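K.L.:
I have a structure I would like to understand better, so I am pasting it below and will then ask my questions one at a time.
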Amino acid sequence: MNLDDRKWKIVQRHLGYSDDDIAQSFNSVYSRPGKLIQSGLFATLLIWAAIFWLLFSFIAPKVEASEPEQLTVALTGKYPPFSFYDQDGELTGFDVDVSRGVAQELGLDIKIIATEWDGILAGLLSGKFDAIIGSMAITAEREKQVDFSRPYYVSGAQLFVNAENDTEIGSINDLAGRRVGAVLGETFEHYLTEKHPKIETVTYKSTVDIYQDMLNGRLDGFVTDRLVGGYQIQSAKMPFRPAGPLLYREQMGIPMAPGHPILLARINQALEALESSGFMADLHRKWFGPVAADNAAVRSGEMSNRTIALMLLEGFGVTIGIACLSLLCGFLLAVPAGVVLHGKPSPLLLIVRTTVDFVRGTPVLIQLFFVYFGAPQIGLTISPVTSAIITLSINGAAYMAEVVRSGLMAVPPGQKLAARALGLSHFKVFRFVVWPQAFRIAIPALVNSSVALLKDTALVSVISVAEVVRQAQSIISVTYNPMKFYFIVALMFFVFTYPLMKFAGRWEKALKKRGYADD
Amino acid sequence: MIKVTGLEFTYPDGTTALADISIDLSFDDDEHITAIVGPSGSGKTTLLQCLARFLTPGQGSIEIDGIPAISMSEAQFRSKVGVVFQNLNLFPHLNVLDNLTLAPVEVAGMDKGDAEREAMEMLERVGVSNLVRSYPSQLSGGQAQRVAIARALVLKPDFLLLDEPTSALDINTTNALAELLEDLHSSTNFIIVTHDIPFVRKVAKRAVLIQGGRVVSHDLVEKVMHLFLQQNENR
Ligand SMILES: Nc1ncnc2c1ncn2[C@@H]1O[C@H](COP(=O)(O)OP(=O)(O)OP(=O)(O)O)[C@@H](O)[C@H]1O
Ligand SMILES: [Mg+2]
């Protein structure tokens with residue numbers, strides 16, 4: 001009894017077989033090949049499971065987490081309370097907190113670069129950083145250059161008045177003929193002089209001067225950014241209150257250089273998550289105090305059709321790419337596997353048979369997780385896309401191996417004899433006579449496997465591969481229109497699968513006409 | 001010359017199909033066709049499969065022109081002995097021409113153009129040169145039979161084994177086949193396994209009668225036929 005036999009015996013004894021059973025199973029394994037599969041299957045499965053378990057338990061502790069990528073964002077560091085340096089010289093502020101929150105949500109390390117407002121867009125476009133999280137308002141002008149995320153906060157021009165004295169002032173209209181302050185050159189000044197000529201607009205060099213004159217009663221009110229004002233009230237304990245609604249609104253977004261729809265979509269998802277988790281509301285409370293409440297929730301629902309189309313197409317490109325590569329690898333694996341399955345009983349057949357059965361008998365989703373989360377544990381760092389391709393290749397190979405096997409079975413044995421009688425070598429018999437026929441017979445089933453594999457790519461969205469389903473999810477997280485976009489995705493798949501299915505049907509008919517597999 | 005000595009073959013299930021076969025099939029200038037006849041189950045196909053080296057006999061030996069078949073290389077053996085199967089086994093995915101050129105090109109290493117020229121010549125000889133581009137599924141039984149014979153003959157074997165060549169043919173095509181074999185026999189010796197007696201009468205001078213895996217008679221066709229018919233009647 002060789003080593004293998006002994007291992008078998010041990011396993012079988014563990015399974016509760018008596019020695020007699022074992023002896024019998026051995027006889028059947030080695031003398032009557034037909035029973036090889038049945039008796040060996042369960043035991044092999046067990047051995048495989050044991051091997052995997054051992055592999056993982058030995059290797060897992062030694063593995064370190066792979067280093068995450070980094071998200072680089074820019075802001076000015078000169079715009080309190082959004083970004084500024086605190087007493088300890090640490091960069092801090094609302095935008096800094098948002099940056100950290102987004103990065104955490106994306107699972108990336110964050111790098112924040114403080115740069116001048118002047119060159120900040122140029123820096124973004126030249127790729128010095130991935131995004132600007134620096135309170136940039138979304139304007140039509142800027143949108144020509146960059147792609148904006150959904151707004152992450154809304155602000156705008158706000159009138160502030162003295163909280164104790166001017167209780168009768170409800171809105172800017174109550175201030176006709178009175179003195180209202182604004183910083184010289186800011187949009188608020190232009191707004192006041194243009195839209196409210198009856199108000200006496202008093203300009204100052206900085207907000208600090210405005211607060212001074214507010215406190216000593218020289219001003220009846222001032223207009224500044226709603227959140228900046230709120231922060232002053234909160235941090236400097238100024239006795240001001242916002243009066244009336246926003247004079248005009250500004251939506252702040254995160255601009256990115258064009259051509260990164262995937263990162264953009266992920267950032268949008270991250271922002272949405274931060275909002276729904278209450279993270280944003282907390283930040284508003286932390287930085288803007290009294291004006292926080294009605295600014296916390298930012299909803300948009302806007303995404304340009306161009307961006308949507310681009311995202312879906314790019315996603316479908318990834319889908320098709322993954323499907324094609326997996327099909328190719330799977331097929332290349334399936335041919336030898338199918339040949340082994342069709343061949344004479346051997347240990348190799350047993351291994352292939354068990355593997356194929358195991359893969360076919362377990363959910364693709366689990367296989368995907370197994371590869372994706374398992375690979376790092378054995379020291380392999382593979383990207384989600386690679387994991388997806390590996391999983392789908394193996395899964396496709398298992399199904400296609402069966403197809404190849406039945407294709408080979410459908411070739412009449414006389415064909416092989418006839419080819420041998422003509423003097424063809426074993427390889428050439430396969431290459432020129434058996435395989436071409438088996439392949440033609442297998443084509444309809446292979447096409448069906450391909451269709452199944454193409455559909456299975458939808459599953460890899462769960463390991464954050466930016467294929468079309470994932471892209472659709474990103475779009476839906478912004479637009480809140482699941483029906484529409486899932487239907488579009490379904491159609492995209494159908495456009496590919498329908499001709500394939502038709503083709504398979506046609507081929508099958510043609511095969512019958514050509515007289516295959518029925519002589 | 002094919003010399004069979006003490007051939008015995010038992011199938012894995014224990015059926016002894018050939019008990020003890022010894023025959024000398026010597027061909028000479030005016031004798032190129034030998035028939036092997038016998039009732040159903042007598043072992044004809046098994047014998048042919050042994051002669052074609054598809055089955056390995058348990059005992060006994062086969063010599064081809066004085067050389068033991070088992071000692072020959074596959075290439076050497078296949079170049080000497082061709083087979084036409086009962087169900088022909090034409091390659092359905094290849095057209096007639098490609099059925100004929102596959103082996104010359106892939107085995108003999110012949111140039112594709114040369115192989116096609118020779119194949120055309122052979123198809124003309126067997127009378128189906130109009131079908132070169134047809135696929136096997138488009139051929140009639142008789143046409144397919146001729147293509148199968150042509151496919152074996154392009155390799156110029158010294159011996160060609162045919163298993164029940166007339167089983168799928170009607171009387172006219174059977175007659176045509178008989179004529180064809182007579183035309184072709186100058187360069188190749190035929191060994192025909194069959195129980196089609198009229199056909200044997202037409203094409204062969206000598207026949208081997210086997211029964212129960214043994215040679216009962218090896219003689220002139222008329223004598224063997226007589227014996228065969230007599231024994232069939234006795235049953
Ligand atoms: N693959 C096989 N396995 C087991 N026994 C077989 C097999 N092929 C043939 N036999 C048996 O061997 C004997 C000889 O069969 P064989 O096919 O050689 O006869 P035959 O003379 O060709 O008959 P027929 O005229 O019907 O074709 C028969 O008893 C048959 O049942
Ligand atoms: Mg027979």
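Here's the yes/no breakdown for (1) outside the structural domain of residue A:509 (by TED's automatic domain parsing); (2) over 30 Å from residue B:48 (Cα atoms):
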{"residue": "A:396", "(1), (2)": "no, yes"}
{"residue": "A:409", "(1), (2)": "no, no"}
{"residue": "A:416", "(1), (2)": "no, no"}
{"residue": "A:453", "(1), (2)": "no, yes"}
{"residue": "A:465", "(1), (2)": "yes, yes"}
{"residue": "A:473", "(1), (2)": "yes, yes"}
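K.L.:
Name the single residue, out of those in the stretch B:154-204 being among the β-branched types (Val, Ile, Thr) and free of Cβ contacts under 8 Å to residues at least 60 places away in the same chain, that is nearest to ligand 1 (Cβ to nearest atom). Break it down into steps so the answer makes sense when it comes.
P.N.:
At the first step, the residues of the stretch B:154-204 found to be among the β-branched types (Val, Ile, Thr) are B:154, B:166, B:171, B:173-174, B:188, B:191-194, B:197, B:200, B:203.
Okay, now just the ones that are also free of Cβ contacts under 8 Å to residues at least 60 places away in the same chain, so B:154, B:166, B:171, B:173-174.
On the way: B:154: 27, B:166: 13, B:171: 20, B:173: 20, B:174: 17 Å.
Among those residues, the one meeting the criterion is B:166.
K.L.:
Looking for something open to solvent by 30 Å² or more (accessible area, probe 1.4 Å), in the same structural domain as residue A:440 (by TED's automatic domain parsing) and at pLDDT below 90 - is there at least one such residue anywhere in the stretch A:357-369?
P.N.:
yes
K.L.:
Take the residues in the stretch A:408-417 that are under 20 Å from residue A:511 (Cβ atoms) and assigned to a helix (DSSP H, G or I), then tell me which one is nearest to the other protein chains (Cβ to nearest Cβ). Break it down into steps so the answer makes sense when it comes.
P.N.:
Step one: list which residues in the stretch A:408-417 are under 20 Å from residue A:511 (Cβ atoms), which gives A:408-416.
Still in the list and also assigned to a helix (DSSP H, G or I): A:408-410, A:413-416.
On the way: A:408: 14, A:409: 16, A:410: 12, A:413: 9, A:414: 4, A:415: 6, A:416: 9 Å.
It comes out as A:414.
K.L.:
Got a sec? Which of A:460, A:429, A:434 is in contact (Cβ under 8 Å) with a residue 40 or more places away in the chain and open to solvent by less than 20 Å² (accessible area, probe 1.4 Å)?
P.N.:
After ruling out the rest, the residue left standing is A:460.
K.L.:
Do you know which residues across the stretch A:420-461 are within 8 Å of chain B (Cβ to nearest Cβ) and among the hydrophobic types (A, V, I, L, M, F, W, C)?
P.N.:
Step one: list which residues in the stretch A:420-461 are within 8 Å of chain B (Cβ to nearest Cβ), which gives A:420-425, A:428, A:432-433, A:436-437, A:440.
A:421, A:422, A:424, A:432, A:433 - these are the residues of the stretch A:420-461 that are within 8 Å of chain B (Cβ to nearest Cβ) and among the hydrophobic types (A, V, I, L, M, F, W, C).
K.L.:
Let me ask something additional. What helices (runs of 4 or more DSSP H) completely inside the stretch B:35-111 contain at least 1 residues that are surrounded by fewer than 16 Cβ atoms within 10 Å (Cβ to Cβ) and either at the interface with another protein chain (Cβ under 8 Å from one of its Cβ atoms) or touching a Pro at 6+ places or on another chain (Cβ under 8 Å) (or both)?
P.N.:
On the way: elements: B:44-51, B:74-80, B:96-106.
Result: B:74-80.
K.L.:
Return the pairs, sorted by first residue and then second, in which the second residue is open to solvent by less than 20 Å² (accessible area, probe 1.4 Å) and of a type in the set (S, T, N, Q), the first residue lies in the stretch B:124-145 and is within 14 Å of another protein chain (Cβ to nearest Cβ) and part of a helix (DSSP H, G or I), the beta carbons are less than 8 Å apart, and the residues are 6+ apart or on different chains.
P.N.:
Here the result reads B:136/B:99, each pair linking the stretch B:124-145 to a residue that is open to solvent by less than 20 Å² (accessible area, probe 1.4 Å) and of a type in the set (S, T, N, Q).
K.L.:
Inspect the stretch B:5-19 for any residue being within 14 Å of chain A (Cβ to nearest Cβ) and near ligand 1 (Cβ under 9 Å from one of its atoms) and give the result as yes or no. Write out each step before concluding.
P.N.:
Taking the stretch B:5-19 and keeping what is within 14 Å of chain A (Cβ to nearest Cβ), we get B:12-13.
Now drop any that are not near ligand 1 (Cβ under 9 Å from one of its atoms), which leaves B:12-13.
Yes, the stretch B:5-19 contains a residue that is within 14 Å of chain A (Cβ to nearest Cβ) and near ligand 1 (Cβ under 9 Å from one of its atoms).
K.L.:
Within the stretch B:17-37, can you find the residues that are within 16 Å of ligand 2 (Cβ to nearest atom) and out of contact with any Leu (no Cβ under 6 Å at 6 or more places or on another chain)? Write out each step before concluding.
P.N.:
The initial filter retains those residues of the stretch B:17-37 that are within 16 Å of ligand 2 (Cβ to nearest atom), namely B:17-18, B:21, B:35-37.
Scanning the stretch B:17-37 gives B:17, B:35, B:36.
The values are calculated or read from the model by the stated rules, or taken from the named source; none is laboratory data. The model shown is predicted, which means the values in this text are computed figures rather than measured ones. As a convention, Cβ positions derive from the backbone with ideal geometry for all residues, glycine included, and neighbour counts pool all protein chains shown. For accessibility, only protein heavy atoms count, side chains too; no ligands or nucleic acids. Shrake-Rupley method; radii C 1.70, N 1.55, O 1.52, S 1.80 Å.
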